[in-house]
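Below is one structure, written out as structure tokens; comments come after it.
What follows draws every value from the coordinates through simple rules; no lab data is involved. Here the structure is a predicted model, which means the values were calculated and not measured. Heads up, the Cβs are rebuilt from the backbone with ideal geometry, glycines too, and the neighbour counts pull from every protein chain shown.
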Amino acid sequence: MTGASTAWSRPVRLSPLDLLRLGLVGIRTRRLRAALSALGISIGIATMIVVTGIPASSQKALNQQLEALGTDRLQAIANSQAGDGKPVSFPAESVAMVGRVGPVRAVSAVGNTHLPVRRSDRLDPADSSGMTVLATRRDLLGLVNGRVRSGRFLSAVTEKFPAVVLGSVAAARLGYPDLRPGDPLRQVLIGERWFSVVGILYQVPLSPDLDRSVLVGWDAAKTQLGFDGRPTQLFVKADEAGIEDVHAVLPATIDPQEPSAVLVSRPSDALAAKRSTETTFAGLFVGLAGVALLVGGIGVANTMVISVLERRREIGLRRALGANRGQIRWQFLTESIALSGLGGIAGVAFGVLATIGYATYKNWPPVIPLGATGGGLAGAALVGVIAGVYPAIRASRLSPTTALASA
């Protein structure tokens, strides 16, 4: 009989699933209050997503605008003052040498052919109207953020044949404002060879010199214009984090024998502006996210304290039926975590939808920081733990007689 009595009085150990069911009792029986409480935490989490997602979307749009100004680009130009008035160019292997530099992601080049260009053989060969004929690699357009206004750019086929692409200013000076299907073939005279016009570019803000240039395929310039294959200008794309290091080693890499003959444009001032905005936005994200979580945590804590006061009779009855303090603590702590978790999930969903909607309205690229969404859910759970500790401890300390008497 004593053994049976001892087994009967031994506290029943609740499994995690039983604790979850018990913790959800208060949420199921008081749905309106639970919904309002979850709404408080969901507003906090949604606010955190919105105040991080919208600035992140704005920052990405700003970064795209700054990147268009060449924050990750460098240009190396042959120094005409270093050759005693003679044409200066880089070694033919300079493009390959620069491409082997670690942070460099892409490199292209143009070479000055030093030949005149005319629309007609009736014009004076000495009058080139300030235009330059450049031997061009076909990967140039991507490195200068250039765009074709009409026609097409040089391809693997056309770069081998007498075909040219005109810069915007060169096209205007030659009297070729546009290319339309069905129009007569447009041609220009370079030296003594005729070349067909296959494309016209928009203005190139990163390299205005290309606006006044006539671009010829690299191979065609060698075979038909006597080009020696030595570039006079290099365009380099590198990792932003290593752009200063690339800038420092570029002259010696391009021309180890005479680095003074290489003039390298310094990194764009837009890079400094971009890094400054990234630092500012990072501080803003942390501050706003902290405030949002604090507000949501206060709401959950307030709800759980009121829940303990309202449910004293239930606590007293459970204690009288044999529930120990640990089970009471875990019941209210589980309810607090579940309440915060539901609010966190709803908050993340609302925040993501609001961010995407606003970014789309502003024509920004939508950005949902993974750290904000993951941090929102983790923060909601943490808030539930912190906010539920005091009410859970308070509930567990109520004696059965006191709880039943005060109900």
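Sorting 49-56, 353-360, 374-381 by average packing, meaning the other beta carbons within 10 Å per residue, from highest down gives 49-56, 374-381, 353-360. Taking 7 Å steps out from each Cα toward its Cβ at ALA172 and HIS114 produces label points 3.0 nm apart.
Most exposed first by the Cβ proxy, i.e. fewest other Cβ within 10 Å, how do TRP218, TRP364 rank? Could you put the intermediate results ahead of the total?
On the way: TRP218 23, TRP364 19.
Lowest to highest Cβ neighbour count: TRP364, TRP218.
Modelled spin-label separation between ARG105 and LEU353, with each label point placed 7 Å from Cα along the Cα-to-Cβ direction: 3.6 nm.
Among ASP183, ASP72, a tally of other beta-carbon atoms within 10 Å of each Cβ gives an order, fewest to most, of ASP183, ASP72.
Suppose the chain between ALA92 and ARG122 were pulled fully straight at 0.36 nm per residue; how much longer would it get relative to their current alpha carbon spacing? Display every interim value, and only then the final one.
Working: separation 30, 0.36 × 30 = 10.80 nm, distance 3.53 nm.
Computed gain between ALA92 and ARG122 is 7.3 nm.
Note the full-extension length gain between ILE298 and VAL249 as 0.36 nm times their separation in residues minus their Cα-Cα distance, in nm to one decimal.
Numbers: separation 49, 0.36 × 49 = 17.64 nm, distance 5.58 nm.
Working it through step by step, the gained length comes to 12.1 nm.
A simple packing score, the average count of other Cβ atoms within 10 Å per residue, orders the peptides 134-140, 186-192 as 134-140, 186-192, with the highest score first.
If I stretch the segment between GLU258 and ASP139 completely, what's the gain in nm (0.36 nm per residue apart, minus their alpha carbon distance), one decimal?
In short, 40.2 nm is gained.
Rounded if a/c is under 1.5, else prolate if a/b is larger than b/c, else oblate: which is segment 166-231, with a ≥ b ≥ c the root eigenvalues of its Cα gyration tensor? Because a/c hits 1.5 or more and a/b fails to exceed b/c, segment 166-231 counts as oblate. Based on the Kirkwood approach, the hydrodynamic radius assigned to segment 72-268 is 17.2 Å, with every pair of different Cα atoms included.
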